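Heads up: the structure comes next, in structure tokens.
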Amino acid sequence: MDTVYDVGDYHRALDLALEVAGYDDCAQSSPSAHRGDVRQLGNRLSCYVEITNGLPDGEFGAVEVRPDGKVIVRTGTSPHGQGT
């Protein structure tokens, strides 16, 4: 059975993360930028997508909203050492 990946808008997510962090302001105000250094320090961001369950049914997930406003979230994910 083929596996379908989430086709998330990763470019937009990373652009938004940089915007919220004020990255452009930080990059413009770095000491090396003011000195005009050829070599400058910087940061990099990336997205990594990994299949963690190759089963055809996928993983379990459910959300229950109770009458009192409490929410119960159940997941079938288990931490097998991949930092979940």
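The values are calculated or read from the model by the stated rules, or taken from the named source; none is laboratory data. Nothing here was measured: the structure is a model prediction, and the numbers come from that model. Quick reminder, even Gly has a Cβ in these numbers, built from the backbone with ideal geometry, and neighbours come from all protein chains shown.
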Notebook entry, point to check: Quick check, is P67 at pLDDT 75 or above and in a loop (DSSP other than H, G, I, E, B)?
Noted result: yes
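Determine if region 37-56 includes at least one residue that is modelled with pLDDT of 80 or more, closer than 23 Å to V7 by Cβ and surrounded by fewer than 10 Cβ atoms within 10 Å (Cβ to Cβ). Let's see the steps before the verdict.
Of region 37-56, the ones modelled with pLDDT of 80 or more are none.
Within region 37-56, not a single residue is modelled with pLDDT of 80 or more, closer than 23 Å to V7 by Cβ and surrounded by fewer than 10 Cβ atoms within 10 Å (Cβ to Cβ).
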Notebook entry, point to check: Among the residues of region 20-36, how many are outside any helix (DSSP H, G or I) and either within 17 Å of the chain's Cα centre (by Cα) or at pLDDT below 75 (or both)?
Noted result: 3
Margin query: Considering only region 1-19, I want to know if a residue exists there that is closer than 29 Å to H80 by Cβ, at pLDDT below 65 and among the polar types (S, T, N, Q).
Written below: yes
